[in-house]
Amino acid sequence: VKGYIDSGISRITDLPMDAFEHPRNALVHLALVLNRAVVTEELAQAVRSMAYPRHYIDFEAVSLAVPRFDGMRAHQAMAFQWSCHREDAEGAPLVHTDFLDVSGRDPRRAFAETLVEAVGTAGSVVVYSSYERTRIKELAVMFPDLRVALMAVCDRIVDLLPLARRGYYAPAM
């Protein structure tokens, strides 16, 4: 870095393309030089290879200091809401389904049952971190009769976070 500064280079976009050893840094550099988002072929191929229907899911949970329901421990994440946008084919409109428990009763079993029903048994289940997989595995332990179905959902998960870290950067980032 000192050598580049001593030679008068003070902006990342003025660095030569071969200045970066780490692929993520090279990706950032390329996006800034081009002044547009860059998607690597690895990411593009991973997205193209995801099976339809694609179920884009997101969970919300709460952690309570004092366990509210049987079988809970302090500060354990308790999922109470999920959202799923299903894409049945390339370019097809998204179909939204969701679950939100506001009854005041333990939402975990209904959460698990309705999630399994919503994502069915085919296609990719797309997430953006390990959070959803972790909550599903917790539910599988909690409800042994749903374990096979919940673990089958886990087996179909495609986590975009590591793919995006390796294969996407936009100048606004």
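The values are calculated or read from the model by the stated rules, or taken from the named source; none is laboratory data. Predicted, not measured: the structure shown is a model, and the values here were computed from it. A quick note on method: Cβ atoms are made from the backbone with ideal geometry, for glycine too, and the neighbour counts reach across all protein chains shown. Calculation scope for accessible area: heavy atoms of the full protein, side chains included, ligands and nucleic acids excluded. Shrake-Rupley method; radii C 1.70, N 1.55, O 1.52, S 1.80 Å.
Name the residues in the range 135-173 that are in contact with a strand residue (DSSP E or B) (Cβ under 9 Å, 6 or more places away or on another chain) and more than 22 Å from Ala51 (Cα to Cα), would you?
Within the range 135-173, Arg135, Glu138, Leu139, Tyr169, Ala170 qualify.
Scan the range 102-119 residue by residue and report those that are open to solvent by less than 30 Å² (accessible area, probe 1.4 Å) and part of a loop (DSSP other than H, G, I, E, B).
Pro107
Suppose we filter Ala79, Ala89 for residues that are of a type in the set (A, V, I, L, M, F, W, C), over 30 Å from Arg24 (Cβ atoms) and not in a strand (DSSP E or B); which single one remains?
Step by step, each of Ala79, Ala89 is checked, and only Ala89 is of a type in the set (A, V, I, L, M, F, W, C), over 30 Å from Arg24 (Cβ atoms) and not in a strand (DSSP E or B).
Which count do you get for residues in the range 130-163 that are exposed (fewer than 15 other Cβ atoms within 10 Å of the Cβ) and under 23 Å from Glu41 (Cβ atoms)?
Within the range 130-163, residues that are exposed (fewer than 15 other Cβ atoms within 10 Å of the Cβ) and under 23 Å from Glu41 (Cβ atoms) number 2.
Applying the selection to the range 120-139, what residues are part of a helix (DSSP H, G or I) and under 15 Å from the mean Cα position of the chain (by Cα)?
Tyr131, Glu132, Arg133, Thr134, Arg135, Ile136
If I ask for residues that are among the acidic types (Asp, Glu) and either part of a strand (DSSP E or B) or within 18 Å of Val119 (Cβ to Cβ) (or both), which ones from the range 26-65 would you list?
Scanning the range 26-65 gives Asp58, Glu60.
For the range 76-94, enumerate the residues that are in contact with a Pro (Cβ under 9 Å, 6 or more places away or on another chain) and either open to solvent by 30 Å² or more (accessible area, probe 1.4 Å) or closer than 17 Å to Pro53 by Cβ (or both).
Phe80, Gln81, Arg86, Glu87, Asp88, Ala89, Ala92
So which residues in the range 48-71 are free of Cβ contacts under 8 Å to residues at least 24 places away in the same chain, within 20 Å of Arg133 (Cβ to Cβ) and among the hydrophobic types (A, V, I, L, M, F, W, C)?
Hit for the range 48-71 is Val62, nothing else.
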